[in-house]
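The block underneath contains the structure these notes are about, expressed in structure tokens.
The values are calculated or read from the model by the stated rules, or taken from the named source; none is laboratory data. Predicted model, so just to flag it, every value in this text is computed and none were measured. Using ideal geometry, Cβ is built from the backbone for each residue, glycine included, and neighbour counts are taken over all protein chains shown.
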Amino acid sequence: MIRVENIGKSLGGREVLKDVSAVFEPGKTNLIIGKSGSGKTVFLKCIVGLFEIDSGAIWYGDVLFNELNFHARKEIRKEMGMLFQGSALFDSMTVEENVRFPLDMFTTMNYEEKLERVNFCLKRVNITDSNRLLPSELSGGMKKRVAIARAIALKPRYLFCDEPNSGLDPKTSIVIDELIREITAELNMTTIVNTHDMNSVMENGEKIIFIEEGEKCWEGNKNQILQSDCKLLNEFVFANALAKQLKESAR
Amino acid sequence: MTFRFLSGFGAYWMLLGKVFSRPEKPVIYYRQTMKELVSLGLRSIGIVTIISFFMGAVITLQTAYNTENPIYPTYLIGLGARDSIILEFSSTIVALILAGKVGSNIASEIGTMRVTEQIDALELMGVNSASYIILPKVVATLIFNPFLTLISIITGIVGGWLVGTTAGVITSPEYIYGIQYAFIPYYITYSLIKTLFFAFIITTVSSYQGYIVEGGSLEVGRASTKAVVYSSVFILLVNVILTQLLLS
Ligand SMILES: Nc1ncnc2c1ncn2[C@@H]1O[C@H](COP(=O)(O)OP(=O)(O)OP(=O)(O)O)[C@@H](O)[C@H]1O
Ligand SMILES: [Mg+2]
């Protein structure tokens, strides 16, 4: 379980996050939604410690994460996997080397065991016969899937995904959503996903947090989201025509 | 301005502190170092050889034309060329050229890793990104650049000989006598010591410039220019200090 309490963060003299609190439970896909520039990425990076927060607290289980130094964080870091907005694959390494990297770095497995785990993870994200390719030879969707494979290689307890389906076609996007949901349940991970894709919200939204201008405006699940009376959330959810029609017909 | 420079200087030393902490998995660092030996070392042999050959030739010709005086024995041309090459050319000038080639290469590589979040990905896994990325580069250049300097000295002297004798400014026996005459082996040591300092400057300054990039590809380009400029300036500065310390 991850608990954030009243965190605040300023970047470049601007308050990007204001007093945000939330609880993220294991085995669930927790979604953070909000429009572009609302502070989702900064929020996620604060939670994982890539940005230091200015105020507040971040708890991993009963460990106060934000107070730990680099070395003490390492232990928790090994249980984290993250999918970055731009995939962040190591571009000098092949697909196989990318997924194997955390295993090389943090396990004492021998080569065969590592290879087996790598192939298992790649198969889990439907990538086959691409072990020798470089990231530059992959499509955007494949990169995301390889990045997911790398993130789950060490069987993490915490998975963070920054816009896993931005820039993907609706079908691939659904595949990735399902994948994240399944893996989360399978490994009983605490998963936090940033998205502004309403499809995945309606698909995966067991717990949704809506952020606007760095403030948490609403919290709930996918069944509550359509009925919410939060004005900003409605503007966000019903920004597209199809959703508007749905709302009309639901009345 | 001064404040920015000083705080940058502080950040540079702090980064070095991160770079020189105990490696997590020595095997992986060893493997990375081997890779860097190839990409930063072996791949620089070509340019160093070509440049040294022609510079050796030019130094010999210029020494010859500047000493067209019957009092000077001709073999002094060989001696002059040898000392210029060993003392200044093969360490300092080659370092400046490598600052251009290797420095910009390092800064753009690390800068790209920064803006594409690869460094964040390493940090997130719990890897000391500074050490993982930079240490192998530093070690590789410290090991390999002395060889580049030796290669440069040899090709420079050969270039001087070949072009000097072809142009007829000196005969082969005179040149060979000249390059052996009053030879001070310490000059080679001096040159190699300078090379080590310069190698360290090139890799760490360029790595620093790449590591602190914020933004996108435009900033990566700027970082790579800065890497070359700053490394060159520091090389020249340290050159003065070292020359005073080592030769006085
Ligand atoms: N390193 C930084 N320095 C200064 N400001 C930043 C930095 N990173 C983000 N910001 C600012 O913080 C705000 C939130 O950015 P963030 O990247 O979290 O948005 P986002 O919700 O992830 O948007 P998107 O959906 O487009 O990815 C933006 O206004 C941005 O300008
Ligand atoms: Mg974002």
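A few comments on the model shown:
- When region B:16-39 is filtered for residues that are surrounded by 15 or more Cβ atoms within 10 Å (Cβ to Cβ) and away from chain A (no Cβ under 14 Å), the ones remaining, listed by number, are B:16, B:33, B:37.
- Test result for residue B:228, of a type in the set (Val, Ile, Thr), modelled with pLDDT of 95 or more and assigned to a helix (DSSP H, G or I): yes
- The residue of region A:12-41 that is farthest from ligand 1 (Cβ to nearest atom), among those that are free of Cβ contacts under 8 Å to residues at least 40 places away in the same chain and not basic (Lys, Arg), is A:23.
- Listing of helices (runs of 4 or more DSSP H) fully contained in region B:40-152 that carry 2 or more residues being of a type in the set (Asp, Glu): B:118-125
- Residue within region A:17-32 that is more than 29 Å from residue A:181 (Cβ to Cβ) and either basic (Lys, Arg) or more than 16 Å from ligand 2 (Cβ to nearest atom) (or both) present: yes
- Selected residue (only one of A:211, A:180 is part of a helix (DSSP H, G or I) and either buried (at least 17 other Cβ atoms within 10 Å of the Cβ) or within 16 Å of ligand 2 (Cβ to nearest atom) (or both)): A:180
- Cβ pairs under 8 Å, 6+ apart, first in region A:110-121 and in contact (Cβ under 8 Å) with a residue 40 or more places away in the chain, second of a type outside the set (A, V, I, L, M): none
- The listed residue being over 28 Å from residue A:114 (Cα atoms), away from ligand 1 (no atom under 13 Å from the Cβ) and touching a helix residue (DSSP H, G or I) at 6+ places or on another chain (Cβ under 8 Å), out of A:88, A:57: A:57
- Residue A:163 vs. criteria acidic (Asp, Glu), more than 16 Å from the chain's Cα centre (by Cα) and within 23 Å of residue A:47 (Cα to Cα): no
- Flag if residue A:4 is modelled with pLDDT of 90 or more, away from ligand 1 (no atom under 13 Å from the Cβ) and surrounded by 18 or more Cβ atoms within 10 Å (Cβ to Cβ): yes
- Residue in region A:151-163 that is over 24 Å from residue B:113 (Cα atoms) and free of Cβ contacts under 8 Å to residues at least 12 places away in the same chain present: no
- Out of B:116, B:112, B:155, sole residue that is on the phi < 0 side of the Ramachandran plot and more than 14 Å from chain A (Cβ to nearest Cβ): B:155
- Scanning region A:117-176 for residues being more than 15 Å from residue A:98 (Cα to Cα) and β-branched (Val, Ile, Thr) gives a total of 4.
- Qualifying positions in region B:204-220 - touching a helix residue (DSSP H, G or I) at 6+ places or on another chain (Cβ under 6 Å) and surrounded by fewer than 13 Cβ atoms within 10 Å (Cβ to Cβ): B:216
- Residue that is away from ligand 1 (no atom under 15 Å from the Cβ) and buried (at least 16 other Cβ atoms within 10 Å of the Cβ), where the choices are A:217, A:230: A:230
- Residue check: residue A:222 meets all listed conditions (1) more than 15 Å from the chain's Cα centre (by Cα); (2) within 16 Å of ligand 2 (Cβ to nearest atom) but one, namely (2).
- Enumerated helices (runs of 4 or more DSSP H) restricted to region A:35-129, each holding at least 3 residues that are within 16 Å of ligand 2 (Cβ to nearest atom), crowded, with 16+ Cβ neighbours inside 10 Å and within 12 Å of chain B (Cβ to nearest Cβ): A:40-48
- The set of residues in region B:198-222 being more than 15 Å from ligand 1 (Cβ to nearest atom), away from chain A (no Cβ under 14 Å) and more than 22 Å from the chain's Cα centre (by Cα) consists of B:218 alone.
- Flag if residue A:154 is within 14 Å of chain B (Cβ to nearest Cβ), within 23 Å of residue A:80 (Cβ to Cβ) and away from ligand 2 (no atom under 16 Å from the Cβ): yes
- If the condition is being under 13 Å from the mean Cα position of the chain (by Cα) and either over 13 Å from residue A:32 (Cα atoms) or part of a loop (DSSP other than H, G, I, E, B) (or both), then region A:185-196 contributes A:189, A:190, A:196.
- Checking residue A:159 against (1) under 23 Å from residue A:119 (Cβ atoms); (2) in a helix (DSSP H, G or I), the condition it does not meet: (2)
- Any hit, region B:40-55, residues being surrounded by 21 or more Cβ atoms within 10 Å (Cβ to Cβ) and closer than 30 Å to residue A:87 by Cα: yes
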